[in-house]
């Protein structure tokens, strides 16, 4: 059975103004800096309320994939460097660059599901909140991003650490084929057997990819019929004890159990105390085939040796992908301001979270948190082959600054940089999808294994010798995007 779906724009995303229509063969909307609609469209290009100050010279909102080669040729003709936006959320707004062209693919939302072959073809602006329910109706699933508004284009290009990644691998491991427009405006089909080097780069290169992907063919998985969550919250001072217990217990868990540690302010449903205390949360979600399998998989997390210390416990709660997305949307509301950074490390979680507990306790926002997925991605080498993405350490942490008052921008950015500074000496690399590339010049390079970084540079030189596409964001470019931290804060 084949299911096709197309999600059209509505509401504020639709703009009826069409400045410079059909220029250079582009059927979509072309807006240039100085045009009446420019600023409102520029700010709409970023999901984050903390909009970078960077300003492209022209924004092209394609009407279909046919517009992409025309837009690329326009950029070449006008000497404009291209940045690409899939249409979902990105913490640092890497597609907004000074000068050049912003190529907005957010109208490319079509997908088709072939249940018989357990595959789907998806355009880059398809979001998890649209794809996952359609897959569920076919008894299928995919390791989509944890947030519902993540668009598959940027997510898959960056590797994709999403739901059930410990069992299914990074989402890019499920990419079977791509269609891409290269720097000369030509369409290429890429897979392990055809244009294999560009296919390799497309599975992990992230925002520095040197082509425009207009479509993906992805492998799908049987829908987990029994999804359950278990959550325990403890006082933050118990961080080392809790972390040690969770990481030891994780060794007994099946890969289908996604366990995570979070340093945060207690959620309103966890306590009646005011102000709400800082906590360390031990959470787990199992993606099982049956209730019996789910029960057995979560059993090790039911026997906590210091359960009497828990401020909150909720075990074996049935849930679904829809409910998981609803919970995620509540944590990451679109109208807020965000900044994030990532760290891979070979140090153990107990050491890392002990170092991060002090910044967590001093967070100027009750919405900020430190996230530590205990096993963020599969360790199965078969699921990590033939891709630019690689696991760069045995531990992974992500501090998120979350706030809503623009007057606090400098304070919140300082908090993020100080949190990262606490664990930076233990770092072995970063995850390109969520790394703060404005923090240090080394961020992009350290998001890849050294040999992979050199291969990416060589492929960029081969496929984009004239530099038509922007490479990775740099601290110099980001300097106008965020308030300058106090001296010594930048890493």
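Do the conditions hold for residue 183, that is, is it out of contact with any strand residue (DSSP E or B) (no Cβ under 7 Å at 6 or more places or on another chain) and either assigned by TED's automatic domain parsing to the domain that holds residue 461 or closer than 30 Å to residue 293 by Cβ (or both)?
no
Can you spot a residue in region 151-173 that is in contact with a helix residue (DSSP H, G or I) (Cβ under 8 Å, 6 or more places away or on another chain) and surrounded by fewer than 21 Cβ atoms within 10 Å (Cβ to Cβ)?
For region 151-173, residues in contact with a helix residue (DSSP H, G or I) (Cβ under 8 Å, 6 or more places away or on another chain) and surrounded by fewer than 21 Cβ atoms within 10 Å (Cβ to Cβ): absent.
From 277, 305, 318, grab the single residue that is surrounded by fewer than 19 Cβ atoms within 10 Å (Cβ to Cβ), farther than 30 Å from residue 365 by Cα and over 27 Å from the mean Cα position of the chain (by Cα).
305
Need the failing condition index for residue 189 against (1) in a strand (DSSP E or B); (2) surrounded by fewer than 19 Cβ atoms within 10 Å (Cβ to Cβ); (3) in contact with a helix residue (DSSP H, G or I) (Cβ under 7 Å, 6 or more places away or on another chain), just the number.
Residue 189 satisfies all of (1) in a strand (DSSP E or B); (2) surrounded by fewer than 19 Cβ atoms within 10 Å (Cβ to Cβ); (3) in contact with a helix residue (DSSP H, G or I) (Cβ under 7 Å, 6 or more places away or on another chain) except (3).
Among the numbered criteria (1) under 24 Å from the mean Cα position of the chain (by Cα); (2) more than 28 Å from residue 474 (Cα to Cα), which one does residue 51 miss?
Only one criterion is unmet by residue 51, namely (2).
Yes or no: region 11-26 includes at least one residue that is more than 24 Å from residue 91 (Cα to Cα), at pLDDT 90 or above and surrounded by fewer than 19 Cβ atoms within 10 Å (Cβ to Cβ).
Checking region 11-26: not a single residue is more than 24 Å from residue 91 (Cα to Cα), at pLDDT 90 or above and surrounded by fewer than 19 Cβ atoms within 10 Å (Cβ to Cβ).
May I ask you to verify whether residue 359 is more than 26 Å from residue 283 (Cβ to Cβ) and over 17 Å from the mean Cα position of the chain (by Cα)?
The answer is no for residue 359.
I'm checking my understanding of the structure. Among residues of region 229-240 that are in a helix (DSSP H, G or I) and in contact with a strand residue (DSSP E or B) (Cβ under 8 Å, 6 or more places away or on another chain), which one is nearest to residue 270 (Cα to Cα)?
Only one residue tops the list, namely 236.
Please give the helices (runs of 4 or more DSSP H) falling wholly within region 262-375 in which 1 or more residues are out of contact with any strand residue (DSSP E or B) (no Cβ under 8 Å at 6 or more places or on another chain) and over 30 Å from residue 50 (Cα atoms).
By residue number, 291-298, 349-361.
The values are calculated or read from the model by the stated rules, or taken from the named source; none is laboratory data. Small disclaimer: the values here were computed from a predicted structure and weren't measured. Using ideal geometry, Cβ is built from the backbone for each residue, glycine included, and neighbour counts are taken over all protein chains shown.
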